[in-house]
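The values are calculated or read from the model by the stated rules, or taken from the named source; none is laboratory data. Quantities reported herein were computed from a predicted structural model and do not represent experimental measurements. Cβ: placed from backbone, ideal geometry, glycine included. Neighbour counts: every protein chain shown.
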Amino acid sequence: MKFKTSSLIISLWLVGILTWKVTADNSPTFGDPFANLTNDLSVRFFDGKDEFTEEEDISDGLGPVFNDVSCAACHSNPAVGGDSDIVETRFGTITHNQFDPLTQLGGSLIQSQGIGPANACFGETIPTQATIQAGRKTPPLFGLGLVDNVPDSLLQQIAKNQKQNTPDIAGRPNMVKDPASGHLALGRFGWKAQVATLMTFSGDAYLNEMGITNPLFPTENAPQGDASLLAICDTVADPEDDGSGIQAFADFMSLLAPPPRGPITQSVLNGEGIFSAIGCAACHMPTLQTCPNPIKALDSVTFHPFSDFLLHDMGSLGDRIEQGQASGTEMRTAPLWGLRVRKSFLHDARATKIEDAILAHDGQGKDKHDLIAFLNSL
């Protein structure tokens, strides 16, 4: 089966594949910053990494409910900034034929831990009113500075091309209000592409993963949605971060190099052909390009995330959670770069083998060996 695409995408593909195969051996390894950063940028990267790995405590604003005490506690495989097999829980229900995140009961995200006292500030549980539950695996962060700098217009053009040429599998953008800029922007981070920028991603994680309020997200998460408990549980004045913490997180992620490519064998090349021929590359696009940027490492760079960062209707693979414009069956195309070091796959980590993830996509059994060899090289 062959898929048509625009000359723009063909150009990106061809230039990208050639660049990728020439430069793969010179790439930084997992967890490294981009090569050849200026001294100032190197300082920003390592300062950000320190903030990313620092364990927060109650005096820093941790809680009242949270999921862990540092970002690195979840983003650790195979190095700081990677993924993990940690799966968080989201929940909701359907009210009047519409998705209801049950925010009044602490939804949609469970914060599984709490800071303590008076039998009040403990981790949340799924309320009995929830009829929808979904797991969300920790995603890797390598190369996200490149993703952050892909122009909205390119992703929108990809969506337009898909609608025209492969309508049965066409994706669409999740347009969201970005708190960092105050503008409507194309979401590209998170399992539902519900976050548009790394700065917003940082602020969201600081609040929802560690319970630390910040200028972008200044309102505490009340334990199980009960605001009356904040008088007991909220022990530090808000916002607990003045913005320096989330800026440091964003610096670390922006300057974190993409995953290095594995060895390219003949089997890998054969698998790459299969990957394209059976249509995987229509959504898991091999090549994108950033817009102009004063930081050389991010300036008009051709890179290889194997994702279009659009929403696609995944049917039974959807998690039934709605975020932004994303429906319950839609999920963002997961980037495949760095796949070979992951230990679990799909949004809820249900697959522990790449083969199982392929089959969940109704993947082809024929030529599976070469296809898996290709995926194991990413």
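Looking at Thr95, Thr89, Thr131 in this structure, which one is without any contact (Cβ under 8 Å) to a residue 24 or more places away in the chain and not aliphatic (A, V, I, L, M)? It would help to see each step written out before you state the result.
Values: Thr89 fails: without any contact (Cβ under 8 Å) to a residue 24 or more places away in the chain; Thr131 fails: without any contact (Cβ under 8 Å) to a residue 24 or more places away in the chain.
The match here is Thr95.
For Gln224, are the conditions met, namely being touching a strand residue (DSSP E or B) at 6+ places or on another chain (Cβ under 9 Å), in contact (Cβ under 8 Å) with a residue 12 or more places away in the chain, polar (S, T, N, Q) and part of a helix (DSSP H, G or I)?
Values: touching a strand residue (DSSP E or B) at 6+ places or on another chain (Cβ under 9 Å): yes; in contact (Cβ under 8 Å) with a residue 12 or more places away in the chain: yes; polar (S, T, N, Q): yes; part of a helix (DSSP H, G or I): yes.
Against the criterion (touching a strand residue (DSSP E or B) at 6+ places or on another chain (Cβ under 9 Å), in contact (Cβ under 8 Å) with a residue 12 or more places away in the chain, polar (S, T, N, Q) and part of a helix (DSSP H, G or I)), Gln224 qualifies.
For the range 198-210, enumerate the residues that are touching a Gly at 6+ places or on another chain (Cβ under 9 Å), within 25 Å of Gly328 (Cβ to Cβ) and touching a residue at least 24 places away in the same chain (Cβ under 8 Å). Spell out how you get there, then give the answer.
The first filter runs over the range 198-210 and keeps only residues touching a Gly at 6+ places or on another chain (Cβ under 9 Å), leaving 198, 201-204, 206, 210.
From what's left, within 25 Å of Gly328 (Cβ to Cβ): 201, 204.
Residue satisfying the conditions is Phe201 alone.
Could you please find all residues in the range 221-247 being charged (D, E, K, R) and closer than 29 Å to Phe45 by Cα?
The initial filter retains those residues of the range 221-247 that are charged (D, E, K, R), namely 226, 234, 238, 240-242.
Correct list: Asp238, Glu240, Asp241, Asp242.
Of all residues in the range 192-220, which are crowded, with 23+ Cβ neighbours inside 10 Å and over 21 Å from Phe52 (Cα atoms)?
Within the range 192-220, Lys192, Ala193 qualify.
Restricting attention to the range 337-356, does a residue exist that is without any contact (Cβ under 8 Å) to a residue 12 or more places away in the chain and either on the phi > 0 side of the Ramachandran plot or among the aliphatic types (A, V, I, L, M) (or both)?
For the range 337-356, residues without any contact (Cβ under 8 Å) to a residue 12 or more places away in the chain and either on the phi > 0 side of the Ramachandran plot or among the aliphatic types (A, V, I, L, M) (or both): present.
Among the listed residues Ala73, Ala24, identify the single one that is at pLDDT 95 or above and of a type outside the set (Val, Ile, Thr). Give the steps one after another, and end with the answer.
Details: Ala24 fails: at pLDDT 95 or above.
The unique qualifying residue is Ala73.
Of the conditions (1) surrounded by fewer than 19 Cβ atoms within 10 Å (Cβ to Cβ); (2) under 29 Å from Thr329 (Cβ atoms); (3) not β-branched (Val, Ile, Thr), His312 clears all except one; give me its number.
Every listed condition holds for His312 apart from (1).
What are the residue pairs meeting all of these: first residue in the range 38-53, first residue closer than 17 Å to Leu141 by Cα, second residue loosely packed, with under 15 Cβ neighbours inside 10 Å and among the hydrophobic types (A, V, I, L, M, F, W, C), Cβ atoms under 7 Å, and 6 or more apart or on different chains?
none
Looking at the range 131-147, is at least one residue crowded, with 22+ Cβ neighbours inside 10 Å, touching a Ser or Thr at 6+ places or on another chain (Cβ under 6 Å) and farther than 21 Å from Asn221 by Cβ?
yes
Which of the residues belonging to the range 304-323 are in a strand (DSSP E or B) and aliphatic (A, V, I, L, M)? Before the answer, list the steps.
Let us first name the residues in the range 304-323 that are in a strand (DSSP E or B), namely 311-313, 323.
Selection gives Leu311 alone.
Within the range 119-127, is even one residue assigned to a helix (DSSP H, G or I), modelled with pLDDT of 95 or more, out of contact with any Leu (no Cβ under 6 Å at 6 or more places or on another chain) and of a type outside the set (A, V, I, L, M, F, W, C)? Steps first, answer last, please.
In the first step, residues of the range 119-127 are kept if they are assigned to a helix (DSSP H, G or I); the result is 119-120.
Filter again for modelled with pLDDT of 95 or more, leaving none.
No; the residues of the range 119-127 include none that is assigned to a helix (DSSP H, G or I), modelled with pLDDT of 95 or more, out of contact with any Leu (no Cβ under 6 Å at 6 or more places or on another chain) and of a type outside the set (A, V, I, L, M, F, W, C).
Could you tell me how many of the residues in the range 53-66 are surrounded by fewer than 22 Cβ atoms within 10 Å (Cβ to Cβ) and touching a strand residue (DSSP E or B) at 6+ places or on another chain (Cβ under 9 Å)?
We begin by selecting, within the range 53-66, every residue surrounded by fewer than 22 Cβ atoms within 10 Å (Cβ to Cβ); these are 53-55, 57-60.
In the following step, the residues that additionally are touching a strand residue (DSSP E or B) at 6+ places or on another chain (Cβ under 9 Å) were identified as 58.
Final tally of qualifying residues: 1.
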